[in-house]
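The values are calculated or read from the model by the stated rules, or taken from the named source; none is laboratory data. Worth saying up front: this structure is predicted, and the values here are computed from it rather than measured. Cβ sites come from the backbone with ideal geometry, for glycine too, and all protein chains shown count toward neighbours. Side chains included, ligands, DNA and RNA excluded: accessible areas come from the protein's heavy atoms. Shrake-Rupley method; radii C 1.70, N 1.55, O 1.52, S 1.80 Å.
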Amino acid sequence: MPKKAEKAIKKTTGKTKDKKDKKPGYVAKDIYVLEGLEPVRKRPGMYIGSTGSRGLHHLIFECCDNSIDEAMMGHASEMEVVLLPDNKVSIADNGRGIPVDKHPQTKKSALETVMTYLHAGGKFGGKVYKATGGLHGVGVSVVCALSKYVKAEVCRDGKKYEQEYVRGKPKCKVKMVGKCKKTGTKITFEPDPEIFEKIDFSWKKVLNHLREQAYLVPGLKIRIEDKRKKPEKKYVFYFEGGIRSLLDYLMDGDKKIQENIFYIQKEAEDIKVEIAFAYGDAIEIEEVSYANNISTPEGGMHLTGFRSALTRSLQSWGKQQKLLNDKEKLEGDDIREGLNAIISVKVPDPQFEGQTKQKLGNPEARSAVEGVVCDALPDFLERNPRDGRAIIGKCLLAAKSRKAAKAAKESVLRKGIMDGLTLPGKLTDCSSRDPAESEIFIVEGESAGGSSRQGRDRRFQAILPLRGKILNVERVHLNRLLSSEEIKSLIISLGTAVADDFDISKLRYHKIVIMTDADTDGSHIRTLLLTLFFRYFKDIIEKGYLYIAQPPLYRIQIGKEIKYAYTEEEKEKILSKIKSPFSLQRYKGLGEMNPDQLWETTMDPENRILKKVEVEDAKEADRVFDILMGKEVLPRKKFIQTYAKEVRNLDI
């Protein structure tokens, strides 16, 4: 081998020849040591979950955690978050202010240590902060590492200090810049475009998160401002009711079947446990859990403890009151139907799964919550027997519906491909049996079905026409869902089964395309289908398999040339460039289009526009579906009045 090539290999691989055996070795120089905050910039996903929207907003929430921790310990009463122009964000509080004196280990200012060292902060010793959310220093140092620019301002002991950083490295030493009458910390940062795919902070996402935090820390005033464009937006949150007020907010529009909310706050095994729950007349379950004020969307030990105690306590009380007998067995899902619960724990040493804190792993949290609920719930039921009877009645109804749904589900499966029988007659299937390349178009009516059948590529495109508007599945039990012939046809066509038998690996198409008319009826059918998928096939959405087709609104013909416009704006743009005579056709339905036109504009992978259905905030999506598709009229009326001015291209 030429010497130049050998040197090049050594340089790129770090491998050398061992003197004894002359074989490639594994030596000290093969070990890469990343100093300071380099590991964060090297693998940002390990620290903030992703470099997409979720990770971007995580930067704000990490900084907020530090201010909220000060408030939880009684050292701060106000916090302010401001979205600034040029992608900057500032988070300020009136807490004690991060210390600025020399740190004994790093020999640098404590402020610089907190901002530029991982695992540096006042939480690790357990004396300054007993039970907190963000590990103070871990969060803010990660923000510092992943930001193009950061400025820290601290007011302590009547003096104001500041330090600036670029991509995790200080520009200069901490310096005193003036005097202060109050105390507190302010962090201003600008995310690094080298790290994040797109920098665009969502006002709604920040607002929802901070509203939630204001509920969890009663007495903390949180101001939020958006100064990025005119008119500027401002909100102030301040709640004294804590999680009881949060429960009322979550159940807005949902009729309670209880007269009294169950609420308990108690300390057990060094863990502060706070729980509130009430049953509504809906069938959806809303369980929200927190550990040290950090949302744990995947639950964890505290949620497991609550579920176990709830099931055991209700079954025991129901038998004592002769409301349940040995034949009437209630399962966990029966007990939880219609439940709205908030479980919040404060744990001295929280063990989260992953840096983004999705799930709590402390076993002691389970026993603490279980013990508190098992002690308090029987007493609540004894004091409020009417509520107890209403809850047990709700659970019995759920059990009855579950048994009916099981029978209906088995009937559907017997008729479906699970037993090797034929697919629905209305389905025009594709010839391919590879789900990765197969598509199914769910279309509205036989007219559109006929055009799409003729226009499709039969090799990989299947067509399933639906007759009329399908059942609104919001707040209906599974047995009612399975009584709908249209929905049964869809379930059998997809191949996944439904509910407990759902199996995403058996999905027959990896592109499920909702293709409806561009009018109000089409929009309604699309909403009904989205409700069905969100409530019963959420995995299909999360895997990225659900799409919405966008057929053109207009066909514009200039002589022999034909153009299509998919929006009003696109139509106006095309018309503004036309100087000769033209004809304009407004499509009201897919059935008005010739098969070749439907293929060219809406089904051809080379030309079509498909919108992927995604759910960034499942909790908010759940609330909106509940408002739009639920039984209560007043919340829907309020929603329409609030957003009516934002609706464009409304067919009247």
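Can you pull out the trypsin sites (Lys or Arg not before Pro) in the stretch 319-362 whose DSSP state is coil and whose Cβ has at most 14 other Cβ atoms within 10 Å?
Taking the stretch 319-362 and a limit of 14 other Cβ atoms within 10 Å, the loop trypsin sites (Lys or Arg not before Pro) found are Lys322, Lys327, Lys329.
What list of ³J(HN,Hα) values in whole Hz, one per residue of the stretch 275-290 in order, does the Karplus curve 6.51 cos²θ - 1.76 cosθ + 1.60 (θ = phi - 60°) give from phi, with Gly and Pro shown as x?
3J(HN,Hα) across the stretch 275-290, in whole Hz: 9, 9, 8, 8, 9, x, 7, 7, 10, 6, 10, 10, 10, 10, 10, 9.
Ignoring ligands, DNA and RNA, please state the percent of accessible area on the stretch 415-509 from carbon and sulfur, probe 1.4 Å.
Taking all protein chains in place, the stretch 415-509 shows 47 percent carbon and sulfur surface.
Enter the Cα centre distance for the pair the stretch 535-601 and the stretch 226-261, rounded to the nearest angstrom.
When both Cα centres are located, 40 Å separates them.
For labels at Gln585 and Asp281 in the simple 7 Å Cα→Cβ model, what's the distance in nm?
Modelled inter-label distance: 4.9 nm.
With every protein chain kept in place and ligands, DNA and RNA left out, what is the accessible area per residue of the stretch 151-254? Probe 1.4 Å, answer in Å².
55 Å²
Using a 1.4 Å probe on the protein chains only, how many percent of the accessible area of the stretch 296-388 belongs to carbon and sulfur? Walk me through the numbers on the way to the answer.
Numbers: 1760 of 4080 Å².
The C+S portion of the solvent-accessible surface of the stretch 296-388 is 43 percent.
Please work out how much length the chain gains when fully extended from Leu397 to Glu446, using 0.36 nm per residue of separation minus the C-alpha to C-alpha distance, in nm with one decimal. Don't jump to the answer; show the numbers that get you there.
Numbers: separation 49, 0.36 × 49 = 17.64 nm, distance 3.82 nm.
13.8 nm is the gain from fully extending Leu397 to Glu446.
So what's the gap between the Cα centers of the stretch 464-520 and the stretch 141-168, to the nearest angstrom?
Answer, in whole Å: 53.
Multiply the residue gap between Ala436 and Ser202 by 0.36 nm, knock off their C-alpha separation, and tell me the result in nm, one decimal place.
Taking Ala436 through Ser202 to full extension adds about 80.9 nm, to one decimal.
Considering amide H positions built from the backbone, and no H for Pro or chain starts, which residues 5 or more places from Tyr554, or on another chain, come under 5 Å of its amide H?
The answer is Ala565, Tyr587.
Could you please state how large a percent of the accessible area of the stretch 133-285 is carbon and sulfur, counting protein chains only and using a 1.4 Å probe?
Numbers: 3500 of 7410 Å².
Carbon-and-sulfur percentage of accessible area, whole number: 47.
Explain nothing, just compute: Karplus ³J(HN,Hα) = 6.51 cos²θ - 1.76 cosθ + 1.60, θ = phi - 60°, for every residue of the stretch 334-343 in order, whole Hz, x for Gly and Pro.
Listing the rounded values in order: 5, 5, 8, 5, x, 6, 10, 9, 10, 10 Hz.
Apply the Karplus parameterisation 6.51 cos²θ - 1.76 cosθ + 1.60, with θ equal to phi minus 60°, to every residue of the stretch 64-78 and state each ³J(HN,Hα) to the nearest whole Hz, in sequence, with x for glycine and proline.
Coupling constants for the stretch 64-78: 4, 4, 5, 5, 5, 4, 4, 5, 4, 8, x, 9, 9, 10, 9 Hz.
Over the stretch 412-571, give the accessible area per residue in Å² for a 1.4 Å probe, as an integer.
Roughly 41 Å² per residue, with all protein chains present.
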